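Taking it in order: structure first as C-alpha cells, then the write-up.
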Amino acid sequence: MAKMQKDSLWIRCPICNGKTRTKVYEDTVLLNFPLYCPKCKKEIRVNVVKLKMVLSDEPDA
C-alpha cells in the first residue's frame, strides 16, 4: 500500500525570512502560535490555516 504524500512546508520567519524549525501540513491549523526564529532570535505570534500564514492581531500579554 502506498503512502499518500500530503503537501507540507517549513514556516519561514516573517521578519528575516529565515527557515524555522516548525513544519506544517495542509490540514494543520495554528491559532496565536508563538513562532520562534533561531536566526533573528525573536518570537512572533502567527496564525496558520491551509498553509497560509498571517501575523496574529492579538497583542502579547
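General observations
- Among the residues making up segment 1-18, those that are assigned to a strand (DSSP E or B) and under 10 Å from the mean Cα position of the chain (by Cα) are 9, 10, 11, 12.
- Within segment 1-13, residues that are more than 17 Å from residue 47 (Cβ to Cβ) sit with their Cβ atoms under 6 Å from residues that are hydroxyl-bearing (Ser, Thr, Tyr) and at pLDDT 60 or above, at 6+ positions apart or across chains, in these pairs: 6/25; 8/25.
- Matching residues, segment 20-35, being assigned to a strand (DSSP E or B) and either surrounded by 14 or more Cβ atoms within 10 Å (Cβ to Cβ) or touching a residue at least 60 places away in the same chain (Cβ under 8 Å) (or both): 20, 22, 24, 30, 33, 35
The values are calculated or read from the model by the stated rules, or taken from the named source; none is laboratory data. Fair warning: this is a prediction, and the values are worked out from it, not measured in the lab. FYI the Cβ positions are ideal-geometry reconstructions off the backbone, even for glycines, and counts take in every protein chain you see.
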